[in-house]
Amino acid sequence: MRSKKLGQKEQTNDLVKLVFQNYDDWVGILYNATKEGMTTILAQAGKHALAEVNLNTDFDLQNPRAIDWLNSHAMEDSTSYSDSLKEDIALRIQEGVEQGSSIDDIAGSIDDFFGEQGDWRADRLARTETAGAYSQGNLEGYRQSGVVVAKSWLADDSACEEICQPNVDAGEIGIDENFPSGDDAPPGHPNCECALQPVTGDESS
């Protein structure tokens with residue numbers, strides 16, 4: 001029995017390696033696409049933030065803060081998304097091997113996985129990361145404005161009580177401070193629809 005289990009494990013590992021032999025290239029492609037999209041959104045949001053506080057100045061996308069955020073979050077999001085898919089696909093392979101399924105059946109199971117969850121996961125990632133990049137663009141624009149001294153978490157009646165509502169209740173906080181959830185800006189969770197509200201020196205309480 002023990003040798004059979006070892007054989008199944010080795011077969012699983014071989015199949016996982018085969019499926020993900022170009023894994024690093026996959027992550028790299030996803031990183032480039034993610035960074036490109038985030039850069040566009042960050043620039044648009046930064047310009048909007050400056051206009052929001054009535055400043056007719058250019059948003060500096062080459063600011064070290066903006067560059068650092070883009071580089072770190074593009075890689076973090078790409079790796080996280082890829083690793084999550086890799087774990088679930090590896091589990092499908094493992095289950096197929098343990099059940100004695102053929103290679104074609106295992107391949108079909110992986111294909112079904114992408115049909116069932118791939119679009120949903122990609123959509124959620126796009127929504128969440130678009131919101132995150134936009135909020136960070138706003139935040140960087142507020143910092144570059146020189147007139148925004150604080151920020152608040154803006155939400156409608158549908159805000160979740162566990163994460164977003166405490167952030168709303170915190171009121172005005174410093175521009176570089178974190179809200180109770182630990183976030184410096186929305187989103188607080190996947191599909192969060194909250195936003196940042198700038199507070200200028202004249203408006204601050």
Enumerate the pairs (first residue in segment 44-58 and within 8 Å of Gly137 (Cα to Cα); second residue anywhere and among the acidic types (Asp, Glu) and assigned to a helix (DSSP H, G or I)) with beta-carbon separation below 7 Å, excluding pairs fewer than 6 apart on the same chain, so at least 6 apart or on different chains. Gly46/Glu140
Which members of segment 150-181 meet the condition of being part of a loop (DSSP other than H, G, I, E, B), under 21 Å from the mean Cα position of the chain (by Cα) and within 21 Å of Ala45 (Cβ to Cβ)? Ala155, Ala159, Asp176, Glu177, Asn178, Phe179, Ser181
All conditions in (1) buried (at least 19 other Cβ atoms within 10 Å of the Cβ); (2) modelled with pLDDT of 70 or more; (3) farther than 19 Å from Leu196 by Cβ are true of Ala66 except (3)
Asn178 is checked against (1) more than 26 Å from Asn54 (Cβ to Cβ); (2) crowded, with 17+ Cβ neighbours inside 10 Å; (3) among the polar types (S, T, N, Q); (4) modelled with pLDDT of 85 or more and fails just one. What number does that condition carry? (2)
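The values are calculated or read from the model by the stated rules, or taken from the named source; none is laboratory data. Values in this document were obtained by computation on a predicted structure and should not be read as measured data. Reconstructed Cβ throughout: ideal geometry from the backbone, glycine too, with neighbour counts over all protein chains shown.
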